[in-house]
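First the structure, in the form of structure tokens, and then the observations on it.
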Amino acid sequence: MATKIEAAPRVGMVSLGCPKALVDSERILTKLRADGYAMSPDYQGADVVLVNTCGFLDSAKEESLEAIGEAIAENGRVIVTGCMGNEAELIRARFPEVLAVTGAHQYEDVVAAVHEAAPPARGAFVDLVPEGGLKLTPRHYSYLKISEGCNHACAFCIIPSLRGKLASRRIDAVLREAEKLVSAGTKELLVISQDTSAYGVDTRHEPRDWKGRQVRAHMTDLARELGGLRDSSGKAPWVRLHYVYPYPHVDDVIPLMADGLLAPYLDIPFQHAAPSVLKAMKRPANEAKVLERIRNWRSIAPDIAIRSSFVVGFPGETEADFQYLLDWLDEAQLDRVGAFRFEPVEGAAANALPDPVPEEIKEERYQRIMEKTAAISAAKQVAKIGRVLPAIIDEVGEADEDGSIGATARSQADAPEIDGHVYLRDVSANVQAGDIVDVLIEDADEHDLFGVIS
């Protein structure tokens with residue numbers, strides 16, 4: 001008699017917040033898939049819905065609460081996890097019907113809650129998990145999380161209270177995961193954490209055996225090893241570093257970019273430049289030395305793209321402080337800049353600081369910094385016209401009435417979701433997402449490039 005296979009329970013996932021939270025979601029789904037669960041793309045088909053929340057800003061909390069409410073309305077069986085899971089009482093007060101609430105990176109607790117809400121089917125007869133795990137990003141790029149938590153005590157941030165102190169992963173485990181991702185088709189690795197430069201500090205940069213040699217849990221060692229990865233055809237993936245604090249040893253990764261082992265890209269959260277504001281933020285105030293280092297980095301790796309984000313309207317920020325920041329940006333000539341109006345976060349030390357900046361002044365300063373950085377970006381983009389640059393294909397369009405096919409790509413200066421694009425015309429029908437091609441840049445605007453495969 002044939003064995004009847006029990007239908008697998010189906011899990012839906014709503015993932016909010018930063019790429020680090022997205023990696024948490026991928027890990028949770030990978031474990032659930034290994035336990036025999038199927039994934040549902042919609043509320044109606046799910047036996048239980050997971051909502052991975054963000055709790056960094058009040059606006060993010062409100063978005064998370066709205067997502068929980070929608071999941072309850074559409075499905076009714078909801079488990080909440082993520083950064084806002086630390087506020088279980090608030091969540092249960094608003095939504096008493098949630099089945100369970102767990103905190104950030106509490107994978108075992110989330111899985112246990114799913115098991116209780118929708119017990120897994122038993123007796124799997126097939127391999128349920130693809131090599132590299134389950135992913136919520138396109139197949140050709142992957143986030144590689146190297147640590148949890150943070151040792152900083154920035155006045156505007158509550159990440160340490162949400163995710164704890166720095167906890168670095170073993171370097172052999174990180175490299176093994178990266179190797180599997182590349183083997184499974186990843187063409188771009190995006191290294192993420194709360195503080196990538198501090199990787200291994202908590203473990204005293206403990207070395208581990210990797211491929212018959214000792215490798216330290218240190219950002220420079222990790223970057224060098226990732227730069228040596230190759231896929232089955234011998235091609236190297238792009239390796240992109242995010243959340244890099246400008247510690248002195250960051251200087252050591254720039255030659256790796258010049259040698260082609262890393263994408264020439266650094267994501268550095270400067271947050272401000274005025275010494276008085278940095279002091280109030282409880283962040284290092286060495287902006288003059290940073291400018292000198294940026295000039296040195298560009299002398300070593302001329303194509304390096306530097307991304308950063310800045311907070312405007314921090315309590316006590318004067319017009320002179322803000323003008324200092326604008327002048328600093330003129331000097332730094334950063335390639336990619338995001339700006340945020342200061343927003344009080346419950347539990348953050350900055351809330352108690354004197355001299356709050358009125359909302360209308362915050363908005364006016366926000367508009368000015370965006371105008372400044374857009375002009376810098378536009379000039380840098382125009383300077384690329386006529387050059388041939390490598391680009392990774394993200395999406396290939398359908399042929400139009402003339403048979404012409406367009407595609408959306410990114411240069412090495414463009415991280416997914418947060419930076420610009422390279423829009424291609426007249427691509428070949430055999431071009432696929434994940435292909436890395438050489439592109440002749442024909443035009444540019446403030447943030448995007450336009451060209452053709454050369």
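For segment 197-209, name all the residues that are buried (at least 19 other Cβ atoms within 10 Å of the Cβ) and in contact with a helix residue (DSSP H, G or I) (Cβ under 6 Å, 6 or more places away or on another chain).
SER197, TYR199
Restricting to segment 338-383, count the residues that are more than 25 Å from the chain's Cα centre (by Cα) and in a loop (DSSP other than H, G, I, E, B).
Number satisfying all stated conditions: 7.
Any idea which residue in segment 72-89 is nearest to LEU166 (Cα to Cα), counting only those that are touching a strand residue (DSSP E or B) at 6+ places or on another chain (Cβ under 7 Å) and surrounded by fewer than 22 Cβ atoms within 10 Å (Cβ to Cβ)?
By that ranking, first place goes to ALA88.
Looking only at segment 367-404, which residues are among the β-branched types (Val, Ile, Thr) and over 24 Å from VAL311 (Cβ atoms)? Steps first, please.
Looking only at segment 367-404, we keep the residues that are among the β-branched types (Val, Ile, Thr), and these are 369, 373, 376, 382, 385, 388, 392-393, 396.
Hits for segment 367-404 are VAL382, ILE385, VAL388, ILE392, ILE393, VAL396.
So which residues in segment 222-272 are touching a Phe, Trp or Tyr at 6+ places or on another chain (Cβ under 9 Å), open to solvent by 20 Å² or more (accessible area, probe 1.4 Å) and part of a helix (DSSP H, G or I), if there are any at all?
Of everything in segment 222-272, those that are touching a Phe, Trp or Tyr at 6+ places or on another chain (Cβ under 9 Å), open to solvent by 20 Å² or more (accessible area, probe 1.4 Å) and part of a helix (DSSP H, G or I) turn out to be GLU225, ASP251.
Could we say that GLU343 is loosely packed, with under 13 Cβ neighbours inside 10 Å and either acidic (Asp, Glu) or at negative phi (or both) here?
Answer is no for this residue.
State yes or no: is SER411 crowded, with 16+ Cβ neighbours inside 10 Å and of a type outside the set (A, V, I, L, M)?
yes
Please verify whether segment 90-99 includes one or more residues that are open to solvent by 10 Å² or more (accessible area, probe 1.4 Å), touching a residue at least 12 places away in the same chain (Cβ under 8 Å) and either out of contact with any helix residue (DSSP H, G or I) (no Cβ under 9 Å at 6 or more places or on another chain) or of a type in the set (Gly, Ala, Ser) (or both).
No, segment 90-99 contains no residue that is open to solvent by 10 Å² or more (accessible area, probe 1.4 Å), touching a residue at least 12 places away in the same chain (Cβ under 8 Å) and either out of contact with any helix residue (DSSP H, G or I) (no Cβ under 9 Å at 6 or more places or on another chain) or of a type in the set (Gly, Ala, Ser) (or both).
Would it be correct to say that VAL182 is open to solvent by less than 30 Å² (accessible area, probe 1.4 Å) and free of Cβ contacts under 8 Å to residues at least 60 places away in the same chain?
yes
Given the criteria at negative phi, modelled with pLDDT under 95 and open to solvent by 10 Å² or more (accessible area, probe 1.4 Å), does ALA399 qualify? Reasoning before the result, please.
Numbers: at negative phi: yes; modelled with pLDDT under 95: yes; open to solvent by 10 Å² or more (accessible area, probe 1.4 Å): yes.
Yes.
The values are calculated or read from the model by the stated rules, or taken from the named source; none is laboratory data. What you see is a predicted model; the values in this text were computed from it and never measured. Counting neighbours? That spans all protein chains shown, and the Cβs are built from the backbone with ideal geometry, glycine included. Ligands, DNA and RNA are stripped out before the accessible areas are found, and what is left, the full protein with its side chains, is counted by its heavy atoms. Shrake-Rupley method; radii C 1.70, N 1.55, O 1.52, S 1.80 Å.
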